[in-house]
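Student: The following block contains the structure, expressed as structure tokens.
The values are calculated or read from the model by the stated rules, or taken from the named source; none is laboratory data. Just so you know, these numbers come straight off a predicted model, no measurement behind them. We place every Cβ from the backbone using ideal geometry, glycine too, and count neighbours over all the protein chains shown.
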Amino acid sequence: MEKIRLLLGIYKKQLPIIAKLFEQIRFLDLNEDDKCYVFSLKAQQLFTAVEDLLKATAKSFENHLEDTTQYHIELLRRMATEVNGIRPAILSDPSLKVLDKLRSFRHFIRHAYDYELDVEELKFLQNRLNNNFNNVIGDFNQFNIFLDELAK
């Protein structure tokens, strides 16, 4: 029960951060060069904030992931899977898809040191987030309700 209450506290702290980061990037004008860099930085922070929440959830329910070479995608897949008798799936299929795109983008930004940003790719990601990220927030809110019930 203590683990669940701790996780509820983490959700209470992390969900507003995730929502704030999303709001900071959703309407940025990517026709402006400097806004492209802001978008890239904030988008990678957004995925990291989501991933931190998923890691805390995995730690509370499953303890650890075994394949460290595929850790980031495996975490997403695991969180999109119901664990019968333990917890429901946290992420819906649309959420999994948009988060996987965001994960891939974060990897690119972290490791492409000499590559120029492609404005069209950034606009594509922004559009994808604008059309689908509310699913992610809704999934987290639903799971938060599950945690509340579990903590009672």
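Student: Restricting attention to the range 13-60, which residues are free of Cβ contacts under 8 Å to residues at least 24 places away in the same chain and under 28 Å from residue 88 (Cβ atoms)?
Tutor: 13, 16, 20, 23, 55, 58, 59
Student: Name the residue, out of 42, 59, that is out of contact with any Gly (no Cβ under 6 Å at 6 or more places or on another chain), modelled with pLDDT of 95 or more, assigned to a helix (DSSP H, G or I) and over 15 Å from residue 136 (Cα atoms).
Tutor: When all the criteria are applied, what remains is 42.
Student: Can we say residue 90 is farther than 20 Å from residue 14 by Cβ and either among the aliphatic types (A, V, I, L, M) or in a loop (DSSP other than H, G, I, E, B) (or both)?
Tutor: Taking the combined requirement at face value, the residue does not satisfy it.
Student: Taking residue 115 as meeting all but one of (1) among the aromatic types (Phe, Trp, Tyr); (2) surrounded by 11 or more Cβ atoms within 10 Å (Cβ to Cβ); (3) closer than 30 Å to residue 35 by Cα; (4) free of Cβ contacts under 8 Å to residues at least 12 places away in the same chain, write down the number of the exception.
Tutor: Among (1) among the aromatic types (Phe, Trp, Tyr); (2) surrounded by 11 or more Cβ atoms within 10 Å (Cβ to Cβ); (3) closer than 30 Å to residue 35 by Cα; (4) free of Cβ contacts under 8 Å to residues at least 12 places away in the same chain, residue 115 violates only (2).
Student: Does residue 125 satisfy being of a type in the set (A, V, I, L, M), touching a strand residue (DSSP E or B) at 6+ places or on another chain (Cβ under 9 Å) and touching a residue at least 12 places away in the same chain (Cβ under 8 Å)?
Tutor: Here the answer is no, as residue 125 does not meet what is asked.
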